[in-house]
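One structure is given here, and the rest of the page talks about it.
The values are calculated or read from the model by the stated rules, or taken from the named source; none is laboratory data. None of these values were measured; they are calculated from a predicted model. Cβ coordinates were reconstructed from backbone atoms using ideal geometry, including for glycine residues, and neighbour counts include every protein chain displayed. All accessible areas refer to the heavy atoms of the entire protein, side chains included, with ligands and DNA or RNA removed. Shrake-Rupley method; radii C 1.70, N 1.55, O 1.52, S 1.80 Å.
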Amino acid sequence: MARRREAMERLASRAVQIGFLLALLALWYAATNFWGVNHLLLPNPVAVFHQLVDVLKTGQFLPDLRVTATEFVAAFLLAMTSGMLVGFFVSRSRYWSRVFEPLFAGLYSIPIILLLPLYVLFFGLGPASKIALGTTISFFPVVLATIAGFGNVDRSLITAARSMGASDYQLFRYVLVPAALPVILTGLRIGFTVALLAILGSETIASLAGLGHHIVQLAESMEMARMFAYIAFVVAITVLLNGLVSHLEARGRRRE
Amino acid sequence: MSTGEVAIRIRSVGHQFGEVGEARHIRALADTSLDIVRGELLCLIGPSGCGKSTLLNVIGGLLAPTSGTVEVAGKPVHGPMPHDIAYIFQENALFPWNTVDENVRLGMLFQGVPKAEHAARAQQSLQAVGLAEFADHYPAQLSGGMRQRASLARALSLQTGILLMDEPFGALDEQTRMILGEDLSVLLARTEKTIVFVTHSLGEAVFLADRVAVFSARPGTVKKIIRIDEPHPRNPAFVTSEKFTALRNELYALLHDEIRKAVGSDAPRGRRGANGGAP
Ligand SMILES: Nc1ncnc2c1ncn2[C@@H]1O[C@H](COP(=O)(O)OP(=O)(O)O)[C@@H](O)[C@H]1O
Ligand SMILES: [Mg+2]
């Protein structure tokens, strides 16, 4: 009974969310078709749709997508491995945790995007500077979550495992990892999102290729409908990826 | 039931946390000596904070005492002895991400039981505590009493000669503890285990124990040992007998003074601490 009502409520709020987006779309359509908003500022959604179909059909997006995807995968993998490794070793000592946790939290709170000009100087306008920025930004949520995850394992579970004769490896594999996993997964999801933001953002600021770069080029040549089509394309990809990651996170948590 | 052979030999064990002079310095346990006989159920009872858990942890090898020695089966204890000793904690210490069955198997994996035996032993011990139907449930899906049963099943599957239980029913309501106590008495009458059982319930101590060791206030030590001559498994009717009441009253009288001492020595010190801590 209660479960059914819950499902109904979830359905109702989904309907409101979709209705809201449709209303925005209708507003956009009305503004460009009837209220005379300048098409150079805001292109018509129908024109944008045609451009989007064209972009997808011609596969023109492929070279830029490849660049962005490569940068992103490299940055996230680097942040993930370094964040989890550093986090684990810091978490092994109460002293190191006390020293490094506030340090990392403090560094995470500064606008790391300001390092981009420096990274461009160091690594040039190519993918390397984007990878460096993406890695830096997404390292912090991963390392902080890893320290928290491994640092807050219920002591009584560790004692119980030891009392039953668990080896160091068994303790790690069967107690520490499952206890820390939900927290680490959340850190990875946040790291994933901010890495994507950092890569796309830095491409629009200083780059030679990539989806962000292409969007800026279209804006500069005033091809507004095509630019919007590219934005829609990128938004669709990120929504899809973030949905996928949230789903993976939920699946990883379910075994709690 | 007991053969008179000593299973756990405790000699002049004392323990203090922290160093003398440190703020957190506490003498938890004073010079305690005790022989626990094979096959008996010994209850430790005493004011809270008197060092019962500390003594249990020393016996279990989870804590190295600052003085004295403990021998289990003739061997000095220097660390956990998973083949001789199984533990049941107040907070049940089940792994929340594993099912009941997985929890039991994990214990055997840690202890080093051959994989081939896991299934049969897990089933057997879950049956013994009446949880066979709940093998695939997660701890969060069980009541507090059932979680403690699961914890007991895990300990039983390890087939150790000694069971250490630290207020295993402490977090449960009165009715549940009563039922669990009765079941435990039946269950343990069938095994030949040596059991050290910490409790703060007088009734539980009299109902379960062969002997009850009454602790003094902190720093705790065994003040007196009372023998409960009543065959296992104990009948629920035992609870309403005159013998039970007399023994319970005797325990109460012994404990009462110590609890007064513990409270009396704690309260003013706490107040002084609070004042001293204020800027
Ligand atoms: N790890 C610890 N560090 C410092 N003090 C402790 C620690 N464990 C217990 N104590 C203190 O030692 C005393 C005895 O504790 P414990 O053995 O747990 O008492 P009981 O189990 O009888 O209630 C208490 O005053 C407690 O605060
Ligand atoms: Mg205790």
- Message: Taking the conditions exactly as written (in contact (Cβ under 8 Å) with a residue 40 or more places away in the chain, more than 16 Å from residue A:203 (Cβ to Cβ) and open to solvent by 80 Å² or more (accessible area, probe 1.4 Å)), does residue A:98 satisfy them or not?
- Response: no
- Item | Boolean, residue B:256 is touching a residue at least 24 places away in the same chain (Cβ under 8 Å) and either farther than 20 Å from residue B:42 by Cβ or not in a helix (DSSP H, G or I) (or both) | no
- Query: If you scan region B:215-235, which residues turn out to be within 12 Å of ligand 1 (Cβ to nearest atom) and either in contact with a Leu (Cβ under 9 Å, 6 or more places away or on another chain) or over 20 Å from residue B:35 (Cα atoms) (or both)?
  - Reply: B:215, B:217, B:218, B:219, B:220, B:221
- Message: For the structure I just gave you, tell me whether residue A:175 is open to solvent by 30 Å² or more (accessible area, probe 1.4 Å) and either more than 10 Å from every other protein chain (Cβ to nearest Cβ) or over 27 Å from residue A:113 (Cβ atoms) (or both).
- Response: no
- Query: In region B:57-78, which residue that is under 15 Å from residue B:17 (Cα atoms) and not small (Gly, Ala, Ser) is farthest from ligand 2 (Cβ to nearest atom)?
  - Reply: B:66
- Message: Suppose the filter is at pLDDT below 95 and surrounded by 19 or more Cβ atoms within 10 Å (Cβ to Cβ); does residue B:89 pass it?
- Response: yes
- Query: Can you tell me how many residues in region B:26-61 are within 12 Å of ligand 1 (Cβ to nearest atom), open to solvent by 50 Å² or more (accessible area, probe 1.4 Å) and assigned to a loop (DSSP other than H, G, I, E, B)?
  - Reply: 1
- Query: Give me the pairs: first residue in region B:65-87 and more than 23 Å from residue B:28 (Cβ to Cβ) and touching a residue at least 12 places away in the same chain (Cβ under 8 Å), second residue part of a strand (DSSP E or B) and of a type outside the set (Phe, Trp, Tyr), beta-carbon distance under 6 Å, and six or more apart or on different chains, which are they?
  - Reply: B:84/B:72; B:84/B:162; B:86/B:163
- Task: Identify the residue in region B:139-154 that is open to solvent by 60 Å² or more (accessible area, probe 1.4 Å) and over 13 Å from residue B:180 (Cα atoms) and, among all such residues, is nearest to the other protein chains (Cβ to nearest Cβ).
- Result: B:140
